[in-house]
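**Student:** I have a structure I would like to understand better, so I am pasting it below and will then ask my questions one at a time.
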Amino acid sequence: MKKIELEIVALSHSITQTHSYAVVLGEVDGLRRLPIVIGGFEAQAIAVALERMQPSRPLTHDLFANFMTTFGIELTEVIIYKLEEGIFFSKLICRHDGDSIEIDSRTSDALAMAVRANCKIYTYENILETAGLYLEQTEGAVEPTADTKPNKVPVTSKSNIDADMKNMNLEDLNKLLQKVLEQEDYVRAINIRDEINSRKKNNK
(Lines give C-alpha, C1' and ligand atoms only; values in the text may rest on other atoms or scores of the structure.)
Protein backbone atom coordinates (compact mmCIF):
# COMPACT_ATOMS: atom_id res chain seq x y z
CA MET A 1 0.00 0.00 0.00
CA LYS A 2 1.39 3.39 -1.02
CA LYS A 3 2.49 5.67 1.80
CA ILE A 4 1.61 9.38 1.72
CA GLU A 5 4.05 11.80 3.30
CA LEU A 6 2.67 14.33 5.78
CA GLU A 7 4.08 17.32 7.61
CA ILE A 8 2.91 19.20 10.70
CA VAL A 9 1.34 22.45 9.53
CA ALA A 10 -0.41 23.72 12.67
CA LEU A 11 -1.38 23.20 16.27
CA SER A 12 -4.96 24.27 16.89
CA HIS A 13 -6.67 25.12 20.18
CA SER A 14 -10.39 25.60 20.72
CA ILE A 15 -11.13 28.12 23.47
CA THR A 16 -14.68 26.81 23.90
CA GLN A 17 -13.55 23.23 24.55
CA THR A 18 -11.27 23.17 27.56
CA HIS A 19 -7.95 21.41 26.98
CA SER A 20 -8.95 20.52 23.40
CA TYR A 21 -6.08 20.59 20.94
CA ALA A 22 -5.50 19.26 17.46
CA VAL A 23 -2.26 18.69 15.62
CA VAL A 24 -2.83 19.30 11.91
CA LEU A 25 -0.90 17.23 9.40
CA GLY A 26 -0.76 18.41 5.80
CA GLU A 27 -0.27 16.26 2.71
CA VAL A 28 3.12 17.09 1.20
CA ASP A 29 2.52 18.48 -2.29
CA GLY A 30 -1.24 18.27 -1.70
CA LEU A 31 -4.17 20.16 -0.20
CA ARG A 32 -5.55 17.57 2.20
CA ARG A 33 -5.26 18.05 5.95
CA LEU A 34 -5.43 15.40 8.66
CA PRO A 35 -6.34 16.90 12.07
CA ILE A 36 -5.87 14.68 15.11
CA VAL A 37 -7.12 15.50 18.62
CA ILE A 38 -4.34 15.34 21.23
CA GLY A 39 -3.95 16.21 24.90
CA GLY A 40 -2.49 19.39 26.29
CA PHE A 41 0.74 17.75 27.47
CA GLU A 42 1.39 16.24 24.04
CA ALA A 43 0.55 19.56 22.34
CA GLN A 44 3.11 21.26 24.57
CA ALA A 45 5.71 18.58 23.79
CA ILE A 46 5.22 19.05 20.04
CA ALA A 47 5.25 22.86 20.29
CA VAL A 48 8.46 22.88 22.36
CA ALA A 49 10.26 20.81 19.73
CA LEU A 50 8.88 22.76 16.77
CA GLU A 51 9.90 26.08 18.31
CA ARG A 52 13.34 24.69 19.24
CA MET A 53 12.79 25.73 22.86
CA GLN A 54 15.09 24.41 25.57
CA PRO A 55 13.20 23.58 28.79
CA SER A 56 15.20 23.77 32.02
CA ARG A 57 14.77 20.02 32.48
CA PRO A 58 14.13 17.40 29.75
CA LEU A 59 10.51 16.58 29.00
CA THR A 60 9.49 12.92 28.77
CA HIS A 61 9.86 12.88 24.97
CA ASP A 62 13.27 14.59 25.24
CA LEU A 63 14.37 11.91 27.70
CA PHE A 64 13.27 9.14 25.35
CA ALA A 65 14.99 10.82 22.39
CA ASN A 66 18.22 11.19 24.40
CA PHE A 67 17.98 7.52 25.44
CA MET A 68 17.67 6.43 21.81
CA THR A 69 20.63 8.57 20.74
CA THR A 70 22.80 7.31 23.59
CA PHE A 71 22.23 3.67 22.62
CA GLY A 72 22.51 4.22 18.87
CA ILE A 73 18.83 3.80 18.00
CA GLU A 74 17.74 5.88 15.00
CA LEU A 75 14.09 6.85 14.45
CA THR A 76 13.75 6.72 10.67
CA GLU A 77 10.02 7.33 10.18
CA VAL A 78 6.59 7.44 11.80
CA ILE A 79 3.62 5.73 10.17
CA ILE A 80 -0.02 6.38 11.04
CA TYR A 81 -1.20 2.98 9.89
CA LYS A 82 -4.75 2.47 11.18
CA LEU A 83 -7.93 4.38 12.07
CA GLU A 84 -10.42 2.51 14.20
CA GLU A 85 -13.50 4.04 15.86
CA GLY A 86 -11.97 7.50 15.63
CA ILE A 87 -8.63 6.44 17.13
CA PHE A 88 -5.41 6.72 15.10
CA PHE A 89 -2.79 3.99 15.53
CA SER A 90 0.88 4.70 14.83
CA LYS A 91 4.24 3.02 14.96
CA LEU A 92 7.83 4.16 15.17
CA ILE A 93 10.18 2.64 12.60
CA CYS A 94 13.62 2.46 14.18
CA ARG A 95 17.01 1.15 13.10
CA HIS A 96 19.59 -0.37 15.43
CA ASP A 97 22.73 -2.30 14.44
CA GLY A 98 21.36 -2.75 10.92
CA ASP A 99 18.04 -4.15 12.11
CA SER A 100 14.66 -2.48 11.52
CA ILE A 101 12.40 -2.38 14.57
CA GLU A 102 8.73 -1.36 14.78
CA ILE A 103 7.41 0.10 18.04
CA ASP A 104 3.71 0.65 18.66
CA SER A 105 2.89 4.18 19.83
CA ARG A 106 0.13 6.63 20.48
CA THR A 107 -0.01 8.99 17.52
CA SER A 108 0.53 12.10 19.67
CA ASP A 109 3.69 10.57 21.19
CA ALA A 110 4.90 9.40 17.78
CA LEU A 111 4.57 12.93 16.38
CA ALA A 112 6.36 14.42 19.39
CA MET A 113 9.23 12.00 18.71
CA ALA A 114 9.20 12.66 14.96
CA VAL A 115 9.81 16.40 15.36
CA ARG A 116 12.73 15.66 17.70
CA ALA A 117 14.28 13.15 15.31
CA ASN A 118 13.46 15.25 12.24
CA CYS A 119 12.13 12.12 10.54
CA LYS A 120 9.37 11.75 7.96
CA ILE A 121 5.72 11.12 8.82
CA TYR A 122 3.51 8.90 6.66
CA THR A 123 -0.02 7.58 6.44
CA TYR A 124 -2.03 5.59 3.90
CA GLU A 125 -4.56 6.74 1.31
CA ASN A 126 -7.52 5.02 2.98
CA ILE A 127 -6.89 6.89 6.24
CA LEU A 128 -6.49 10.24 4.50
CA GLU A 129 -9.60 9.55 2.45
CA THR A 130 -11.66 8.73 5.55
CA ALA A 131 -10.43 11.30 8.06
CA GLY A 132 -8.77 13.97 5.93
CA LEU A 133 -10.15 17.41 5.18
CA TYR A 134 -9.77 19.05 1.79
CA LEU A 135 -8.45 22.60 2.07
CA GLU A 136 -9.92 24.52 -0.85
CA GLN A 137 -7.68 27.07 -2.49
CA THR A 138 -9.15 30.53 -2.80
CA GLU A 139 -8.82 32.33 -6.12
CA GLY A 140 -5.43 33.94 -6.46
CA ALA A 141 -3.98 32.04 -3.52
CA VAL A 142 -0.35 31.01 -3.81
CA GLU A 143 0.73 27.66 -2.44
CA PRO A 144 3.67 28.18 -0.04
CA THR A 145 7.07 26.94 -1.17
CA ALA A 146 10.06 25.83 0.88
CA ASP A 147 11.39 29.40 0.67
CA THR A 148 8.16 31.08 1.75
CA LYS A 149 6.90 28.67 4.40
CA PRO A 150 7.09 30.17 7.90
CA ASN A 151 9.71 28.77 10.24
CA LYS A 152 7.18 28.52 13.05
CA VAL A 153 4.08 26.38 12.94
CA PRO A 154 1.09 28.55 13.91
CA VAL A 155 -0.78 27.77 17.11
CA THR A 156 -4.32 28.98 16.54
CA SER A 157 -7.10 29.72 19.00
CA LYS A 158 -10.53 30.25 17.48
CA SER A 159 -14.01 30.26 18.96
CA ASN A 160 -16.53 27.73 17.77
CA ILE A 161 -19.27 28.69 15.34
CA ASP A 162 -22.65 28.27 17.04
CA ALA A 163 -24.61 25.71 15.08
CA ASP A 164 -26.83 22.76 15.82
CA MET A 165 -25.24 20.28 13.45
CA LYS A 166 -27.97 17.70 13.98
CA ASN A 167 -30.48 20.02 12.32
CA MET A 168 -28.26 20.82 9.33
CA ASN A 169 -28.26 18.95 6.00
CA LEU A 170 -25.10 17.66 4.33
CA GLU A 171 -24.75 20.65 2.03
CA ASP A 172 -24.91 23.08 4.96
CA LEU A 173 -22.46 20.96 6.96
CA ASN A 174 -19.95 21.02 4.11
CA LYS A 175 -20.28 24.80 3.85
CA LEU A 176 -19.80 25.13 7.61
CA LEU A 177 -16.76 22.85 7.41
CA GLN A 178 -15.08 25.09 4.83
CA LYS A 179 -15.86 28.19 6.90
CA VAL A 180 -14.35 26.62 10.01
CA LEU A 181 -11.27 25.52 8.06
CA GLU A 182 -10.75 29.06 6.82
CA GLN A 183 -10.74 30.16 10.46
CA GLU A 184 -8.28 27.36 11.30
CA ASP A 185 -10.45 25.95 14.09
CA TYR A 186 -9.46 22.35 13.43
CA VAL A 187 -10.93 21.04 16.68
CA ARG A 188 -14.37 22.19 15.51
CA ALA A 189 -13.62 20.90 12.00
CA ILE A 190 -13.03 17.41 13.39
CA ASN A 191 -16.50 17.38 14.95
CA ILE A 192 -18.12 18.54 11.72
CA ARG A 193 -16.13 16.02 9.65
CA ASP A 194 -17.21 13.18 11.94
CA GLU A 195 -20.86 14.24 11.66
CA ILE A 196 -20.61 14.30 7.84
CA ASN A 197 -18.94 10.86 7.76
CA SER A 198 -21.59 9.46 10.10
CA ARG A 199 -24.39 10.74 7.84
CA LYS A 200 -22.75 9.25 4.74
CA LYS A 201 -22.24 5.91 6.46
CA ASN A 202 -25.87 5.76 7.63
CA ASN A 203 -27.14 6.66 4.15
CA LYS A 204 -25.36 3.70 2.50
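**Student:** Filtering the range 27-69 down to residues that are of a type in the set (Phe, Trp, Tyr) and free of Cβ contacts under 8 Å to residues at least 12 places away in the same chain, which residue is nearest to residue 177 (Cα to Cα)?
**Tutor:** 41
**Student:** Looking only at the range 119-176, filter to residues that are over 15 Å from the mean Cα position of the chain (by Cα) and hydroxyl-bearing (Ser, Thr, Tyr); which one of those is modelled with the lowest pLDDT?
**Tutor:** 148
**Student:** Can you tell me which residues in the range 49-67 are in contact with a helix residue (DSSP H, G or I) (Cβ under 8 Å, 6 or more places away or on another chain) and closer than 21 Å to residue 107 by Cβ?
**Tutor:** Within the range 49-67, 49, 50, 59, 60, 61, 62, 64, 65 meet the criteria.
**Student:** Same structure, new question: From (1) at pLDDT 95 or above; (2) among the polar types (S, T, N, Q); (3) surrounded by fewer than 17 Cβ atoms within 10 Å (Cβ to Cβ); (4) under 24 Å from residue 12 (Cα atoms), pick out the condition that doesn't hold for residue 90.
**Tutor:** Every condition holds for residue 90 apart from (3).
**Student:** Please verify whether residue 107 is modelled with pLDDT of 85 or more, surrounded by 18 or more Cβ atoms within 10 Å (Cβ to Cβ) and of a type in the set (S, T, N, Q), treating the condition exactly as stated.
**Tutor:** Criteria met by residue 107.
The values are calculated or read from the model by the stated rules, or taken from the named source; none is laboratory data. This structure is a prediction, so every number in the text was calculated from the model and none was measured. So basically every Cβ, Gly included, is an ideal-geometry build from the backbone, and we count neighbours across all protein chains shown.
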